[in-house]
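Heads up, the thing below is written out as structure tokens.
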Amino acid sequence: MFLLEVIFSFTLGKMHRSIKTFIALIILLASFACFAYYVSPVSAQPQHKYFNVTARQFAYEPGRIVVNEGDIVTIRLRSADVTHGFYIPELGVDETVSYGEEKIITIVADKVGKFKIRCSVTCGPLHPFMVGEFVVEKGGINIIFLGSTTILIVAGVLSFIIFSRRGKQVG
Amino acid sequence: MVDGRASSLKNLLTSFISHRNEFDLTDIEFFRRIFKHRAFQWAVILPNLFIFVIVVISGFVGTPVGNMSFAVVFVWILWWFALMTVLTPLFSRLWCMICPLPAFGDWLQRRGFIKKEGGFRWFGLNKPWPAPLKNLWPVNFIFLFIATFIVLLTTRPVVTSILLLTLFVLGTVLALLFAKRAFCRYICPVGGFLGLYSMFASFEIRPKDRTLCERHVTKECVRGSDTSFGCPWLIYPGGLERNNFCGLCMECIKACPYNNLAVRIRRFAKDLLVKSGRALDEVYKAHIMLALALIYIAITQGPWGWLRDWGNVFYKPTYGFALSGIQGFAIHAAIVWSSSLIIVPGVFYLFCALSKYLAKGEGSTKNVFINFSYTLIPIGLAGWIGFSIPIILVNWSYILNVISDPLGWGWDLFGTKYIPWQPVLLEAIPYLQILAVIIGLIYSIKYGSEISKQVYQDERRAVGAFLPIAIFLILVSILFIWLFVG
């Protein structure tokens, strides 16, 4: 409650709006920089990682694979029921696997972001919903999420400050 | 002349964001004549009715494979995307103008397709809608019931067709029992959320001069005239302040002897500041839509297969520890209903209580809840836009496939049946989703702060009251961003 009242008084203080905006931005960005520094691992050297993935109607198990930029990822893909696809065009992956088969897929994680793994073979009623996630982080951080969240918070705080200070609207 | 056109163009281009340059389409002779033409609505419904018939038939007799079915692809990929990203945000309830569901009911009530004959009287019982049901609660519960079966609906063509046919029959039967469009106003599950999100739209029908409408005794816009049936939506167009229940049928434009109704392109989200009409049943719709956006993104676009299994009532566990279809579906239904009716509104209510505390407000927390719930409309709509973007960019090629073979009988009418599945702009999807959420958040905060100034006369209290709400909006936005790119 105290913290909220501090923020409250901050938004209404006598300081010039642009200075407050600047301070707010600095505080936010510094907070996120500290957070990013805190969560990042000491070493983020590219590694060779191995995953066993089972495709089944209508999911991948595990549904989410998280690696670091530069990692070389080897996936041993099996199907638990019918023929499925394993499609990540952003990373140049387009493979299919039938029941009883095993496919080895090698992915070079050279782009950061969250990429959807999609089934490219119609495999049943929920086929369009059969997705998984292949997340490529940078130094242990999902920088797209971190960056977009930072921008979002800054946009939110700025909007709050700017629109709160505007003249009264007639409803 | 050239200056005049340039000025008109400038007004049109700035009308989306500026309250000073609203652009009235009835100032243009072409649009005025079209809106006043009796055959206008009939002409825009007819092609849609044709597509509707194909959709229903294809669901019953066509392929049962969802992504190869005209019913599923046209309704849940093309229509849904168009509705949530273009039609509603830009043109309000434009869909209601062309919707085929109440068409037969209209034609039966009016004893004809287009013209109003001399000695006209309504066909059917023409009863008034029961007073206890004159609210959005029936729509909310009907919508939530249907929404519970979303996995089934969007993947089984026959279920889509049964739903559409049921709504069509219901619309027709209710038109024979009750006056005008009671179905659209009080029952239609689509109309509920279209009405809510049409408040954000940059399009409106409004009286040009309200005092003229007040002085005008005969009120043809309601009662009808020789050329018009009057507003079928049970509203008084001369007093229109919000889009919620205006189906853009243009009957009022045809009726008004003074040409006193404007069809305007206006700034986005203008209706959020209109105090009259704010009510608990309406804002609950905003909470339901917000909760469902989050749940649907998680179910249909997330990596959690077990969530999809739970939503699929026909799921048969094939390995490991898994719940049966009915068990899982019961949990799914509990999640959908509790999130929509209790969790999301409950958490928001707590933020509203905090808002009231910080503002040292005298009114009830319920009023704070109702007023500030309208801030959820831009961010909720943004979430739905973010949800809809991948639906079209990933699945667009299915539309071409089913156009060539609408019934799944092996036709290839336009040579597009075998176009391979080819998603486009996949790398752009996360950024488009992020952009949608940020814009939605900015609009939510902008209008939230203005609503707060409406409620609290004192600026200091207004800012204090809105602070917890702004934090809630930012947290919801982060949740959307996490689902999209986290």
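Among the criteria (1) out of contact with any Gly (no Cβ under 7 Å at 6 or more places or on another chain); (2) in contact (Cβ under 8 Å) with a residue 40 or more places away in the chain; (3) at the interface with chain B (Cβ under 7 Å from one of its Cβ atoms), the one A:Ser159 does not fulfil is (2). Here the helices (runs of 4 or more DSSP H) wholly within the range B:341-427 that include at least 1 residues being touching a Pro at 6+ places or on another chain (Cβ under 7 Å), among the hydrophobic types (A, V, I, L, M, F, W, C) and outside the structural domain of B:Asn140 (by TED's automatic domain parsing) are B:344-359, B:376-404.
Among the residues making up the range B:411-432, those that are surrounded by 14 or more Cβ atoms within 10 Å (Cβ to Cβ) and within 9 Å of another protein chain (Cβ to nearest Cβ) are B:Trp421, B:Pro423, B:Leu426, B:Ile429, B:Pro430, B:Tyr431. Any residue that is within 30 Å of B:Phe484 (Cα to Cα) and in the same structural domain as B:Gly192 (by TED's automatic domain parsing) - is there at least one of those in the range B:258-267? Yes, the range B:258-267 has at least one match. Could you check how many residues of the range B:447-467 are within 18 Å of B:Phe200 (Cβ to Cβ), within 7 Å of another protein chain (Cβ to nearest Cβ) and surrounded by 22 or more Cβ atoms within 10 Å (Cβ to Cβ)? Counting residues in the range B:447-467 that are within 18 Å of B:Phe200 (Cβ to Cβ), within 7 Å of another protein chain (Cβ to nearest Cβ) and surrounded by 22 or more Cβ atoms within 10 Å (Cβ to Cβ) gives 2.
Being of a type outside the set (S, T, N, Q), under 26 Å from the mean Cα position of the chain (by Cα) and either farther than 28 Å from B:Pro420 by Cβ or away from chain B (no Cβ under 12 Å) (or both) holds for only one residue in A:Phe86, A:Phe129, and it is A:Phe86.
Scanning the range A:36-63 for residues that are at pLDDT below 80 and loosely packed, with under 15 Cβ neighbours inside 10 Å yields A:Tyr37, A:Tyr38, A:Val39, A:Ser40, A:Pro41, A:Val42, A:Ser43. Of all residues in the range B:41-53, one or more are in a helix (DSSP H, G or I), touching a residue at least 60 places away in the same chain (Cβ under 8 Å), assigned by TED's automatic domain parsing to the domain that holds B:Phe178 and more than 21 Å from B:Ala179 (Cα to Cα). Among the residues of the range B:273-301, those identified as hydroxyl-bearing (Ser, Thr, Tyr) and within 21 Å of B:Cys188 (Cα to Cα) are B:Tyr284, B:Tyr296. Cβ-Cβ contacts under 6 Å between residues 6 or more apart (or on different chains), taken from a first residue in the range B:145-167 that is at the interface with chain A (Cβ under 10 Å from one of its Cβ atoms) and more than 14 Å from B:Asp309 (Cα to Cα) to a second residue that is surrounded by 21 or more Cβ atoms within 10 Å (Cβ to Cβ) and among the small types (Gly, Ala, Ser), are listed as B:Pro157/B:Gly59; B:Pro157/B:Ser69; B:Pro157/B:Ala71. Looking at the range A:52-69, which of its residues are in a loop (DSSP other than H, G, I, E, B) and under 23 Å from B:Gly311 (Cβ atoms)? The answer is A:Gln57, A:Phe58, A:Pro62, A:Gly63.
Filtered by the rule that a residue be over 20 Å from A:Ser120 (Cα atoms) and either free of Cβ contacts under 8 Å to residues at least 60 places away in the same chain or among the hydrophobic types (A, V, I, L, M, F, W, C) (or both), the range A:52-70 gives A:Val66, A:Val67, A:Gly70. Only one of the numbered conditions (1) modelled with pLDDT under 95; (2) aliphatic (A, V, I, L, M); (3) more than 22 Å from A:Ser159 (Cβ to Cβ) is not met by B:Ile370, and that is (1). Based on this model, can you work out whether B:Phe348 counts as out of contact with any strand residue (DSSP E or B) (no Cβ under 8 Å at 6 or more places or on another chain), surrounded by 20 or more Cβ atoms within 10 Å (Cβ to Cβ) and either more than 9 Å from every other protein chain (Cβ to nearest Cβ) or modelled with pLDDT under 95 (or both)? Yes: the conditions hold for B:Phe348. Screening A:Val97 against (1) within 11 Å of another protein chain (Cβ to nearest Cβ); (2) of a type outside the set (Lys, Arg); (3) in contact (Cβ under 8 Å) with a residue 24 or more places away in the chain leaves a single unmet condition, (1). Out of contact with any helix residue (DSSP H, G or I) (no Cβ under 8 Å at 6 or more places or on another chain) and touching a residue at least 40 places away in the same chain (Cβ under 8 Å), is that true of B:Phe178? Answer is yes for this residue. Residues that are more than 11 Å from chain A (Cβ to nearest Cβ) and out of contact with any helix residue (DSSP H, G or I) (no Cβ under 7 Å at 6 or more places or on another chain) were ranked within the range B:388-400; the one that is surrounded by the most Cβ atoms within 10 Å (Cβ to Cβ) is B:Trp396.
The values are calculated or read from the model by the stated rules, or taken from the named source; none is laboratory data. These numbers come from a predicted model, not from an experiment. Methodologically, a virtual Cβ is constructed for each residue, glycine included, from the backbone with ideal geometry; neighbour enumeration extends over all protein chains shown.
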